[in-house]
Amino acid sequence: MSTPAQTLTNDSAAARARAVIPGGVNSPVRAFGSVGGTPLSIVSASGPRVTDVTGRDYVDLVASWGPALLGHAHPEVVDAVQRAAARGLSFGASTPGETELAELVIDRLTVGGVRGIERLRLVSTGTEATMTAIRIARGATGRDVIIKFAGHYHGHSDGLLAESGSGVATLGLPGSAGVPADIAALTLVLPYNDRAAVEAAFAAHDGRIAAIITEASGANAGVLAPEPGFNAFLADTAHAHGALLILDEVLTGFRVGPAGWWGLEQTGAHPFAPDLVTFGKVIGGGMPLAGVGGRAALMDLLAPLGPVYQAGTLSGNPLAVAAGLATLRLADADVYAHVDTAAIRVQAALHDALTAEGLPHVISRAGSLFSVAFREGAVRDYDDARAQETWRYGPFFHAMLDQGVALPPSVFEAWFLTAAHDEDALTAIVDALPAAARAAASARAP
Ligand code: PLP
């Protein structure tokens, strides 16, 4: 006689997880801390939708925090991974696939005859990619100090958590415990889009600054696009002082366009030459894969050629490379056009719904990435992003979730659309927005 299956709920799944996993999550924002309620426990995903343990479907605007550019479980990507798995999970040796991927990425980062990078080293996470980029910059310049911008998130390595975006912003933390003060002191945190602050930092610390690291476009404190020419200014200023520019494209790379944010700027009014570029998310199509690229002279400082050490047991993992190759090969002009059009439609509907409720709001955009801030006026830096009625987002988020639309569980995260968001999915999002706007309008400050 079979025993009836126990009914799973998101509550029971979360309670069970909390007993064995800190906070019940393996990455903090997943815990729904800033929106309240019980996090979804997801068992599968397909196209524009995710399915939770109860069997309920949601139209998904998280897209695994960016990687799922083609939508979830694209059949050709899944097939590529399955075929790679059948050949072996990991060899700890070089593979033809990783060379193909490096060639493909270098090719994509060649825009108007200009090569954005000449070499690519694959790692498993964006955190490793930015950590490695900083080590190369320090090794190349013989200097220790790094400039980062408030509200930018570059992963969770020691030197990069100060006034960081993403989960650190969501939790309202200034940084992280456990980071030695001596390491934190090597990071200068400046307001974004503030040229005078950058010039003042170089004046005060000239000869000590190894690199500026910047998100290609800010997207971890809500979306904060660089002002026109700001990235070019950063490149010029760094170079004038013998420092490097690290362009962090972990989130924007291959998402806002075929050659990432750099590609968009390369064809615009203010092209610029970053020294090192970091990739993650879309490059692995949902598998753990990331990379750091740059000019040959810099990248060849890495071991085994040079003195800057970096390694990884699973770096260039064949399954991850197969997913990345399949994803990038499928991510053609039609994919980007679809994502752009879908993003514009959702933004317009969001604006209309919030306006109908008389709610002050700003929808910040960077290519197809966007987010909402419950305030008036332009959002140009982290202080602006924080100066909003963040408490309106929880009710807004839950009203969407109740109607079957899963938004990022933090007002500081971008909304991610995918090539799989079809008419049905987009209609579901648009139709859910008015009730969510009403919920946000009737929310009361805590
Ligand atoms: N850099 C940026 C711009 C990111 O958005 C992220 C993650 O969201 C990272 C680095 C860190 O990547 P990972 O979470 O793969 O370590």
Check: Based on the Cβ-Cβ distance from residue 186 to residue 423, what FRET efficiency comes out when R0 is 60 Å, to the nearest 0.05?
Finding: 0.75
Item checked: Percent of beta bridges antiparallel (DSSP, the chain, rounded to nearest 5) -> 60
Check: Taking other Cβ within 10 Å of each residue's Cβ, how do 121, 375 sort, fewest first?
Finding: 375, 121
Note to self: Show me the ranking of peptides 46-58, 158-170 by mean Cβ neighbours inside 10 Å, starting with the highest.
What the structure shows: 158-170, 46-58
Check: Among 215, 357, what is the fewest-to-most ranking by other Cβ atoms within 10 Å?
Finding: 357, 215
Note to self: At 4 °C and a viscosity of 1.567 mPa s, what translational diffusion coefficient does Stokes-Einstein give for the chain, taking Rh as the Kirkwood radius over Cα pairs? Give it in µm²/s as a whole number.
What the structure shows: 58
Checklist line | Gap separating the Cα centres of the stretch 350-410 and the stretch 46-69, nearest whole Å | finding: 20
Checklist line | Förster-model FRET efficiency, 45 Å R0, residue 115 and residue 403, C-beta, rounded to 0.05 | finding: 0.45
Notebook entry, point to check: Which helices, taking whole DSSP H runs in the chain, have alpha carbons extending 27 angstrom or more along the helix axis plus mean Kyte-Doolittle at least -1.0?
Noted result: 333-356, 423-442
Next item on the list: Based on other C-beta atoms within 10 Å, arrange 283, 344 from fewest to most.
Entry: 344, 283
Notebook entry, point to check: Under a Cβ-Cβ cut-off of 11 Å, what is the net charge of the residues other than residue 9 that fall near it, where Lys and Arg count +1 and Asp and Glu count -1?
Noted result: 0
Check: If the chain between residue 195 and residue 26 were fully stretched, how many nm would it gain, using 0.36 nm times the residue separation less the Cα-Cα distance?
Finding: 57.2 nm
Next item on the list: Within the set of other residues whose C-beta is less than 10 Å from the C-beta of residue 252, count the net charge using Lys and Arg as +1 and Asp and Glu as -1.
Entry: -1
Checklist line | Whole-angstrom Cα spans of the stretch 75-330 along principal axes, big to small | finding: 56, 43, 38
Item checked: Distance (nanometres) between label positions extended 7 Å along Cα→Cβ at residue 329 and residue 103 -> 1.2
Margin query: How large is the convex hull of the C-alpha atoms of the stretch 349-426 per residue, in Å³?
Written below: 103
Notebook entry, point to check: Where does the chain land at 222 nm, in deg cm²/dmol rounded to the nearest 500, when only DSSP H runs of n ≥ 4 count, each adding -39500 (n - 2.57), divided by all residues?
Noted result: -11000 deg cm²/dmol
Notebook entry, point to check: Rounded to the nearest 5, what % of the DSSP beta bridges within the stretch 75-330 are antiparallel ones?
Noted result: 40
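Laboratory data are not the source of any read-out in this text; all were calculated from the coordinates shown. Please read all numbers here as calculations on a predicted model, not as lab measurements. FYI the Cβ positions are ideal-geometry reconstructions off the backbone, even for glycines, and counts take in every protein chain you see.
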